[in-house]
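The values are calculated or read from the model by the stated rules, or taken from the named source; none is laboratory data. Note that the structure is a prediction, hence the values are computed from the model and not measured. All Cβ positions, even for glycine, are placed from backbone atoms using ideal geometry, and neighbour counts span all protein chains on display. These area figures cover heavy atoms from the full protein model, side chains too; ligands, DNA and RNA do not enter into them. Shrake-Rupley method; radii C 1.70, N 1.55, O 1.52, S 1.80 Å.
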Amino acid sequence: MATLSFWGAAGSVTGSKYLIESQNGRVLIDCGLFQGGHELRDRNWQEPPFNAAAVNAVLITHAHIDHTGYLPRFVRHGFRGPVYCSRGTADLMRILLPDSARLQEEEADYRNRHKVTKHAPALPLYTEQDAREALNLLQIVPNSGELVRVVKGFSAEYRIAGHILGSSQVLVRVEEAGSERKVLFSGDLGKYDQPIIRDPVAPPACDYLTVESTYGDRLHDVEEPKIALERIIKAAAARGGAILIPAFAVGRAQEIVYLIRELEDEQRIPILPVCVDSPMAAAATQAYARVKEEQDEEYALALKHNPRPMQTHSMLACSTRDDSKRINGMQGARIIISASGMMNGGRILHHALRLLPDENASVVFVGYQAAGTLGRHVADGDQQVKVLGQWIPVRCRIEKIGGFSAHADWKEVVRWLEGLPAPPKRVFVTHGEPEAATAMANHISKQFGWQVETPQYGERFELV
Ligand SMILES: [Zn+2]
C-alpha cells in the first residue's frame, strides 16, 4: 500500500518535504531547508528521517529555499536521483542555491573566528560545491500539464501556481498493482492578479490533495500596493528625498520595478532615478524576462509598447560594488531597491548607514520583517540602531506597504479549490503556523464539507 508522509512544513511554514512510498520506490516532493528557531534549524543537521540514497527522485514545486535549500545536504547524505522542476524554477535555483551555500559557509566562518561554536571547527551545512552537485541533477519539465515519466511507477504533471517564477502545482500519479492514485501538491499558491506572472491555474482532479495555508487565517490589505507606492514616491519627489526599499531579490524586487514603470507610463509619478542594487536581483530579472511561457497577458501587452517592462525610464546599472558606491554619492529624489529584504545583510546596509539618519529620506517596507532583524527594529520605530557595527540615529520617514504578498490568502485558496473538477478523498493542510493551518482546514470543511487533516511532523497516511 502506498503511503504519504510529512517531513516538513507540517505544523510550520519551512522545511517542506513530503514523501510518497510505494512498492516501486520513493519520491520526495520538495526538499526544503528549515528556517526560524533553533529547534527547527537543528533538524537540518540531524540524520534525515529516511534514507536519502533510497529516494529515487525529487520533485520540486518552486525555488524558494524553504522548498529547495536542503537539497545539497540531501545529496551529501547520498541522494543521486533526478530532480524534476520547471524551467523558471531551475533558473532561480541556480541563483538561490549557491547563494544559500555561501551564507552557510560565511556563518561557519563567523562562528570559527568569534569562537561561538559548540563544535570546533564549525562546519557549514553545505558548501557551494555541494550546491553545484545538486544543480547537476536538475531535469527540466514543462509546466503546462503534460505527463512526465518520473521513475518506475511514478509520473507527474506540472502546472503554474502563480507564486514566483517557475512555481508549480505538482500532480503525482502513483501506479501500484494495476491501480493509480493521484496526489496533488499545491506548492505555494500565488495571489490572483499579481503583476508579471500568470495566475494559478485551476487544479486537476485528484484523489488526495496537499494544500498550503501560510495565510490560512488572514486576508490581504485592501490598499493596492501600487496606490501606496504612488503616494510615497510623489511625496519624496516633492521634497527631494531618497527612498530606500529593502526587497527580497527574487520576485519582490521585480514586482516593485514593474509597478514603478507602470506608474511612470501612466504619468502618475515623476520619473526618478531608480537603482536596483543587488546582483541577485539583476540575475533574477533576467530569468523573469526569459521564461516567456509564464508571463501573463498584461505583461505581454506591456511588452508590445516597451521591450523591457521590468525597467523604469531612468534605471541605473548597479552590478558592481563601484556602481553601488556611486549611488551612495547621489543627492536628491531617487529610489534605491536593495537586498536583503529584512536588512539583515547585503548591500542594503551601506545605504541604511547613510539614509536612516537622513530626515528627508524614506524607508519603505514591502515585506515581512522577522523579529531580531534590523528591518524589524527600524519598522518598530527604534530611535537608534546598530548598522555595520556603528550605532546610528533613525530620523528618516518609515512607510509600510502591507499589500505585497506572493501567497494567496485564505479566500484565494478557496477560490482555487473551487476549480477542482471533483472532491478529493482527503485533504491535507500544510505549510502554515498551527493557527493558520487549523483556520484553513476549518474554511475548507465549512465551504466544501471535505475530509480535512492538518498533519504533524512525521505523520504517515495510507493512500488507499
Ligand atoms: Zn515560496
- Within region 433-456, count every residue that is open to solvent by 80 Å² or more (accessible area, probe 1.4 Å) and within 30 Å of Gln23 (Cα to Cα). 2
- Message: Can you pull out every residue in region 35-71 that is surrounded by 24 or more Cβ atoms within 10 Å (Cβ to Cβ) and under 21 Å from Gly372 (Cβ atoms)?
- Response: His64, Gly69
- Message: Give me the residue from region 175-225 that is in a loop (DSSP other than H, G, I, E, B) and of a type in the set (Ser, Thr, Tyr) and, out of that set, farthest from the chain's Cα centre (by Cα).
- Response: Tyr192
- Query: Could you count how many residues in region 175-190 are surrounded by fewer than 24 Cβ atoms within 10 Å (Cβ to Cβ) and either touching a residue at least 40 places away in the same chain (Cβ under 8 Å) or touching a strand residue (DSSP E or B) at 6+ places or on another chain (Cβ under 7 Å) (or both)?
  - Reply: 7
- Task: Inspect region 122-142 for any residue being within 16 Å of the ligand (Cβ to nearest atom) and of a type outside the set (Val, Ile, Thr) and give the result as yes or no.
- Result: no
- Item | Count - residues of region 161-187 that are within 14 Å of the ligand (Cβ to nearest atom) and over 17 Å from Ala57 (Cβ atoms) | 9
- Message: I need the full set of residues from region 306-316 which are touching a residue at least 12 places away in the same chain (Cβ under 8 Å) and either open to solvent by 70 Å² or more (accessible area, probe 1.4 Å) or in a loop (DSSP other than H, G, I, E, B) (or both), in order please.
- Response: Asn306, Arg308, Pro309, Met310, Gln311, Thr312, His313, Ser314
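Out of the residues in region 374-398 that are touching a residue at least 24 places away in the same chain (Cβ under 8 Å) and in contact with a Lys or Arg (Cβ under 9 Å, 6 or more places away or on another chain), state the one that is surrounded by the most Cβ atoms within 10 Å (Cβ to Cβ).
Only one residue tops the list, namely Leu374.
May I ask you to list the residues in region 143-158 that are away from the ligand (no atom under 16 Å from the Cβ) and either without any contact (Cβ under 8 Å) to a residue 40 or more places away in the chain or under 19 Å from the mean Cα position of the chain (by Cα) (or both)? Lay out the reasoning, then the answer.
Our first condition is that a residue be away from the ligand (no atom under 16 Å from the Cβ); within region 143-158, this holds for 144-157.
Across region 143-158, the qualifying residues are Glu146, Leu147, Arg149, Ser155.
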- Task: Working carefully through the options Ile260, Ile245, Ile271, Ile256, find the one that is touching a helix residue (DSSP H, G or I) at 6+ places or on another chain (Cβ under 8 Å) and assigned to a strand (DSSP E or B).
- Result: Ile245
- Note on the structure: Among residues of region 13-29 being part of a loop (DSSP other than H, G, I, E, B) and more than 15 Å from Arg149 (Cα to Cα), the residue modelled with the lowest pLDDT is Val13
- By residue number, the members of region 106-139 that are open to solvent by 90 Å² or more (accessible area, probe 1.4 Å) and of a type in the set (Val, Ile, Thr) are none
- Task: Please specify each residue of region 30-74 satisfying the condition of being away from the ligand (no atom under 16 Å from the Cβ), of a type outside the set (D, E, K, R) and not in a loop (DSSP other than H, G, I, E, B).
- Result: His38, Leu40, Asn44, Trp45, Ala52, Ala53, Ala54, Ala57, Val58, Pro72, Phe74
- Task: Mind telling me which of the residues Ala436, Ala441 ends up being touching a strand residue (DSSP E or B) at 6+ places or on another chain (Cβ under 8 Å), outside any loop (DSSP other than H, G, I, E, B) and away from the ligand (no atom under 16 Å from the Cβ)?
- Result: Ala441
